[in-house]
Every structure is written in structure tokens, then in C-alpha cells.
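Remarks on the structure that follows.
The values are calculated or read from the model by the stated rules, or taken from the named source; none is laboratory data. Computed from a predicted structure; not experimentally measured. Counting neighbours? That spans all protein chains shown, and the Cβs are built from the backbone with ideal geometry, glycine included.
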Amino acid sequence: MPVFPFSLHSKLPRVGTSIFTVMSRMANEYGAINLSQGFPDFRCSAELVELVNKAMKEGHNQYAPMAGLPKLREEIAKKTVELYNASYNPETEITITAGATQAIYTAIAAVVNEGDEVIVFTPAYDCYEPAIEMQGGKPVFIQLQLPNYHIDWNTVRKMINQKTRMIIINTPHNPTGSILKENDIAELEKILAHNHIILLSDEVYEHIIFDNQPHLSMARYPKLAEKSFIISSFGKTYHTTGWKIGYCIAPEILMNEFRKIHQYIVFSANTAIQYAYSEILKHKELYLQLPMFYQKKRDTFLNLIQHSRFIPLHTEGSYFQLLNYTNISKENDVAFAEKLIKEHKIASIPVSVFYNQKTDNHMLRFCFAKEDETLEKAAEILKRI
């Protein structure tokens, strides 16, 4: 291969291969149990697969409308009213996307301009920062406070200025499993009451929340909803992360800008799968029972590792469990995570990679969206370390 004839100016010079790709590749290379990347190792609903197949056989194989299949948007609107008492017009305020990551990128691209600042709470999912920088914006990082990873709202007030364009929140939170509470909502309402800051609320784990706690969607709160892009994911709800279908709901003025960008990134999302989701959403028990399904997974994993030297943090939502390993090693978390793969054949994600300054609290993230047999094998390994 000849040398490339000129130099390229990278738009993301500090970005390399995703940690999820790296750890999953190492897990495959060393034959390790993979609790790193956030995907289930069990099958999705057989009925859902049949519905996709049915839609394909019926000829629904061409482009869907740019905003998404109307009947799917209508079902999402019904669900949002029932769960959050919030009315969104399916014609003008709901858009189906090629996954939640695309929705997040599109929302940021729609409103963040060069020089704008966006508040990001760390540790943070890794797609936020690059999307901001691609628009010429500046991420402003605020660390969540240990031990329960809560937001220090006084710090938020200090960091807001005339350049602040957006605040990104994520509840339930990846990677920590924390959730926003009513006091957080009250603080957020106060902060956004007298400015033009837009809220991006990443709620992809909205149906994976534990101990009978409610999901406090921004849709519940009119003063926040009127300024919010709210992002959700069918992949997390229906165990179909590889299908990459998500959606965004937002007031019409924000959605107009969202769709301007959306149409030139993907135009539309998979048609047959949209038909299938529009039918499966009618089976409300599938998402209403999801909290108990994953709470059982969480509790099973915690019971299995209770005699290990790892220290679990309390997980309130998502399908991730943080484990502190200070009783085992003083190594940095990236090195320790790699050691676990190579020497013990179990893969996790080091939490420092979710920080802009690679803050290391000796935490590893494990995904418990796995068959019980997988969790049992993983626990046996963890107990031996």
C-alpha cells in the first residue's frame, strides 16, 4: 500500500478505538466470559422475530418515512401518555432513529454551534463528547460525586454561563447504575427556569429500574419537557441491541431542527423492524415486567459474588454493576481489567475510561444482562480472585 500523499487534519485527534470494541476483542482472543459490552447473551422474544419476518414477507422492505413509521410513532405517543402523562404529537414531535447513539448525535448537531458549551456529567457514556466536538462545541465536565454518583448542583450553577447551550443527563445512568431523584428534578427545574439552555435526556434504560422506584423521565415535568430532547432505545427494552432502533421525542420547535439533521445522516431507519416494534409495543407486559426481570438478574449476580473480595456499589437502574477492587489490587483499572481477561478469563470495562481526565477509583463495570449460567461461571471466577 503506497504512502498517503498528504496529511489529514483529524476532527477527533484524541479518539481511538472504543473501549467496548477493545475489551470485547480481547475477550474473544483469550476466550474470556464477556461481561464488558452491554448486550444480552439470551434471545429476544420469538414473537418479535416472527413479526420482523412477517413484515419482510409482506414486502415492507423499502424506505420508511423519514420521521419513522406512523403507526410506530402513534404507539410511542400512547405509551408516553400512559407512563408519564405527557402528550407528544406523533406527526411532529416523535422521530424514529437508527439507534439511540444516532439520536444523541443528531440532537447535539441540531442545536450546538461553534463555541457553545455543553455540560457533561462524568463518568459519561463515550458518545457525548465526540458529538459535541464535531459541532465545534466545548464539553464542560462535572464529576458525579462518590459514593453514590450524585450531581452536585451547586457546581452546575457555577459552571453555567452565557455560552452554555445544553446540559446532558442520563438516567438510569451508564456506567454507574444511579438514577435521578425528585430533588434532582427540582434543582434542574430551578436552573433551567430563566435561561435558554436545552436539555438532552438519555433515557435508554427507562424500563430497567429497581426496588419499585419510578423512572423520572423529563416528559413527566412540563417545564423541563418543553426544553428537552428525550432519547430512548428499543434495543435495551427488547434485548435487540444489534437491531439499532431508537427514538427521540421533543417539542415541535426542537424536533424541526432534529429532523433537518436526521434526514441527512440516515434519512430513515429499518422499515420491517419498525413494523414489528409497532405491534410488540401493544404487549405492555413486556416492558412493564422488565424491571423485575433485570432486578432478579442483579440480585442473582450479587448473591453469587457475595463471598468475593470485590465490593459492589448499589445499582438502582441499567443492567450494569460496578465492583470496587481495592481489596484485591492497587493497579490502575485499565491494567487490572486487562489482567482479568488474560489471567482469569473474565472481561469488564474499567470505569476510568468514562472520565475526561481518566479518574481512577478502582472500579470495574460488569454487565449482568446474561443467562444465569453465564453469571454463575463469571461469579466462580470472581470469587477466586
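Points to keep in mind about this one:
- Selection from the stretch 147-165 of residues that are at pLDDT 95 or above and under 27 Å from T315 (Cβ atoms): Y149, H150, I151, D152, W153, N154, T155, V156
- Pairs, first of a type in the set (D, E, K, R) in the stretch 28-43, second modelled with pLDDT of 95 or more and crowded, with 16+ Cβ neighbours inside 10 Å, C-beta under 6 Å, six or more apart: D41/K370; D41/T374
- L35 vs. criteria at pLDDT 95 or above, of a type in the set (A, V, I, L, M) and within 30 Å of E338 (Cα to Cα): yes
- Scan of the stretch 52-80 for residues that are aliphatic (A, V, I, L, M), farther than 18 Å from A250 by Cβ and surrounded by fewer than 19 Cβ atoms within 10 Å (Cβ to Cβ), ordered by number: M56
- The stretch 322-350, residues that are free of Cβ contacts under 8 Å to residues at least 40 places away in the same chain and either assigned to a helix (DSSP H, G or I) or buried (at least 24 other Cβ atoms within 10 Å of the Cβ) (or both): D333, V334, A335, F336, K339, E343
- Count - residues of the stretch 122-159 that are more than 13 Å from D184 (Cβ to Cβ), out of contact with any helix residue (DSSP H, G or I) (no Cβ under 9 Å at 6 or more places or on another chain) and touching a residue at least 60 places away in the same chain (Cβ under 8 Å): 4
- Residue within the stretch 21-33 that is among the hydroxyl-bearing types (S, T, Y) and part of a loop (DSSP other than H, G, I, E, B) present: no
- Filter pass, S268 being in the same structural domain as I96 (by TED's automatic domain parsing), touching a strand residue (DSSP E or B) at 6+ places or on another chain (Cβ under 8 Å) and under 27 Å from F320 (Cβ atoms): no
- The stretch 124-146: number of residues that are more than 25 Å from G317 (Cα to Cα) and more than 20 Å from the chain's Cα centre (by Cα): 4
- Qualifying positions in the stretch 120-134 - part of a strand (DSSP E or B) and either of a type in the set (A, V, I, L, M, F, W, C) or crowded, with 24+ Cβ neighbours inside 10 Å (or both): V120, F121
- Residue in the stretch 367-383 that is surrounded by 22 or more Cβ atoms within 10 Å (Cβ to Cβ), basic (K, R) and assigned to a strand (DSSP E or B) present: no
- Unmet requirement for Y205, which otherwise passes all of (1) out of contact with any Pro (no Cβ under 8 Å at 6 or more places or on another chain); (2) modelled with pLDDT of 95 or more: (1)
- Residue within the stretch 95-106 that is in the same structural domain as C127 (by TED's automatic domain parsing), part of a helix (DSSP H, G or I) and without any contact (Cβ under 8 Å) to a residue 24 or more places away in the chain present: no
- All conditions but one from (1) hydrophobic (A, V, I, L, M, F, W, C); (2) within 22 Å of the chain's Cα centre (by Cα); (3) within 20 Å of Y277 (Cα to Cα); (4) at pLDDT 90 or above apply to A55; the one that does not is (2).
- Extreme residue, nearest to L146 (Cα to Cα), among residues of the stretch 287-315 that are out of contact with any strand residue (DSSP E or B) (no Cβ under 7 Å at 6 or more places or on another chain) and charged (D, E, K, R): R309
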